[in-house]
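Every number in this text was worked out from the coordinates using simple rules, so none of it is lab data. Predicted model only: the values in this text are computed from it and were never measured. Cβ atoms come from the backbone with ideal geometry, glycine included; neighbour counts cover every protein chain shown.
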Amino acid sequence: MEQDAIFERLLQIITNYRQQRTTDCFVDYLEPDELRQRLRLEEDRGRGDWDALFSWVEAYLAYAVKTTHPGYVNRMWAGANLPSVIGEIIVACTNTSACTYETAPVSTLMEKYMLTTMLRLVGFEQGCGQMTTGSSNANMIAMMAARNTALPDIKNKGLSGGPPLFAFVNADAHYSMDRAANILGIGTDQLRKVAVDEHGRMDTVSLERQLADVQARGGLPFFVAATAGTTVRGAYDRVEPLLALRRKYGFWLHVDGAWGGAVIFSDELRRRFLPDLEQADSFTLDFHKMLGTALMCNVLLFNRHQDVLRRVCSAGDESYIFHGGENGEIRDLGTLSLQCGRRVDSLKWFLDWKFYGQAGFAERVEHYLDLCRYAEQQIKRLPELEMAVPRESFNVCFRFRTPNGTPAALFNQNLREQMHHSKRALIGTGFVNGELVLRLLITNVNVDKPEIDRFLTAVIETGRELLQQKNSLQHNNTARRP
Ligand SMILES: *Cc1c(COP(=O)(O)O)cnc(C)c1O
């Protein structure tokens, strides 16, 4: 088959898929064993044969989750912005690495433009930044920057011999912090989880007690991360009280805005949720979450640390690949990265940015917040449902009310599975104060109030069915009793 014909066929398949991606069910769900059989992965089919190859493509699409579908409400992303999808297709067709100017000239300039734009927007001065593979990685690099800034010899001498290092995060912080503590030799025991207040925010009194305690025992409290939008509850740690503590204890202040950092596009929401962000030392934001850019698209920014990435990340002989820029300007972004090959993430960001602009992103985020408020109101109105905790921002944590004697956690877990397997909706769960809750997240441009109503109706119907089954089971049990 000619390459042109292959692309035509591909485009036809993509077009068909896109037409169905918000209709039918969000997934044709099968258990792994059955799906494995249907996919016939072992079959020798496809070697040099384009028809066979396209049959694999069709099989992939047939069982793929339609993340654009309004029933898909379980993760922090849903579908992808069309401009960024175009960017991804172009990136796949051109296939290059964004580590040198030579191999990726346009991407390098787009990434630099992006970083300058975002630094200005956040209000970081004389800063620098990088597109990374996601906020997990960004949190790790921020912690590494903090570690190597606190103890500059670490890069050469390693950890041994230095004072024990301690990092502090919200008890509900993302697990990537634990992983960072592991990778960086801090040790997960030295990652201190700070208790939260009734809003799910770090309790700064408890934090200060722990800081003082660590210091009194000869430890070095080198890193504190505020979470802007915790994963389950959507709580925003307040930055302002941390600034005073930073003056006293001298730690590095990072803000993990992977999820809720998107409020920076709206002046109103930023004032409300993230005041004082411009005072932090570093900040991470995922464009691939609330803002809808295709996975993965992240930006990590540093304040007043212009040279920090090179100082912290670059090591080893790079002379075969990197060729220094002029007048101190970095030419090859790979010099600042922990990776060698770097995927081009800048094009999809750039196309989204030009297409929607700051105003478009602001409207989107404000609209999502309105929808979350609406969802909360409806949940409070519906007798079968209840909020597990009041909503802090974008996360709606709720559950189906269960009759006395029915364990709520187990019931809601079953309800979730039942909704998934009956292809009605896929909703996330999480734990709030040790109790399982259903977590509704709205990050889908195809979702509006009618879809939220339909979703809540589906929850109620599924819950009622489960109660009926349970009653009939109990009935059977009683019937069987001698
Ligand atoms: C999603 C999330 C992360 C992880 O981000 P990835 O880009 O998926 O690696 C980190 N922190 C918070 C608060 C998150 O919500």
Suppose R0 equals 51 Å; then what is the FRET efficiency for residue 12 and residue 278 from their Cβ-Cβ distance, rounded to the nearest 0.05? 0.55
Could you grab the relative contact order for the chain? Cα pairs under 8 Å, six or more apart, rounded to a whole percent. 20 percent
Under 23 Å from the Cα of residue 470 - lysines, other chains or at least 8 residues apart: 423
For 94, 15, ascending order of other Cβ atoms within 10 Å (fewest first) is 15, 94
Please label the shape of the range 194-344 as rounded, prolate or oblate, based on the square roots a ≥ b ≥ c of the eigenvalues of the alpha-carbon gyration tensor (a/c under 1.5 means rounded; beyond that, a/b larger than b/c means prolate, else oblate). oblate
DSSP loop GluC sites (Glu not before Pro) in the range 323-432 with at most 14 other Cβ atoms within 10 Å of their Cβ, which ones? 326, 329
May I ask you to list the trypsin sites (Lys or Arg not before Pro) in the range 178-225 that are in a DSSP loop and have at most 11 other Cβ atoms within 10 Å of their Cβ? 217
Does the range 3-67 classify as rounded, prolate or oblate by the C-alpha gyration tensor (a ≥ b ≥ c root eigenvalues; a/c under 1.5 gives rounded; else a/b over b/c gives prolate, otherwise oblate)? oblate
Residues residue 461 and residue 112, FRET efficiency given R0 of 35 Å [Cβ-Cβ distance, rounded to 0.05]: 0.10
So for the pair residue 40, residue 97, with labels modelled 7 Å out along Cα→Cβ, what separation do we get in nm? 3.9 nm
Model label zone, residue 355; criterion: amide N under 12 Å from point 7 Å along Cα-to-beta-carbon; scope the range 82-99: 82-90
Sorted by mean Cβ packing within 10 Å, highest first, what order do the peptides 304-315, 144-155, 438-449 take? 438-449, 144-155, 304-315
Compute the separation of the alpha-carbon centres of the range 320-385 and the range 43-122 and state it in Å as a whole number. 14 Å
Put +1 on the Cβ of each Lys and Arg and -1 on the Cβ of each Asp and Glu in the chain; which of 395, 230, 471 then has its Cα farthest toward the positive end of the dipole? 471
Considering only C-alpha atoms, what is the centroid distance from the range 187-214 to the range 1-30, in Å? 49 Å
Calculate how large, on average over all directions, the projected area of the Cα convex hull of the chain is; give the answer in nm² to one decimal. 28.7 nm²
Computed for the chain: size of charge dipole around the Cα centre, +1 on C-beta of each Lys and Arg, -1 on C-beta of each Asp and Glu, debye to nearest 20, value 1260 debye
Provide the gained length on full extension for the span residue 31 to residue 75, in nm with one decimal, where the gain is 0.36 nm per separating residue minus the Cα-Cα distance. 13.8 nm
Please give the calculated 222 nm ellipticity per residue for the chain, where each DSSP H segment of at least 4 residues contributes -39500 (n - 2.57) and the sum is spread over every residue; nearest 500 deg cm²/dmol? -14500 deg cm²/dmol
What distance in nm lies between label points placed 7 Å from Cα along the C-beta direction at residue 384 and residue 320? 6.4 nm
Using a 10 angstrom Cβ neighbour count of at most 15 plus a DSSP loop assignment to flag exposed chymotrypsin sites (Phe, Trp or Tyr not before Pro), which longest range of the chain is free of such sites? 321-482
Cα gyration tensor shape for the range 88-353, rounded if a/c is under 1.5, else prolate or oblate: oblate
Taking 0.36 nm per residue of sequence separation and subtracting the Cα-Cα distance, how much length would be gained by fully extending the chain between residue 90 and residue 366, in nm to one decimal? 96.3 nm
Can you pull the one-decimal nm distance between simple spin-label points at residue 410 and residue 156, each 7 Å off the Cα toward Cβ? 6.2 nm
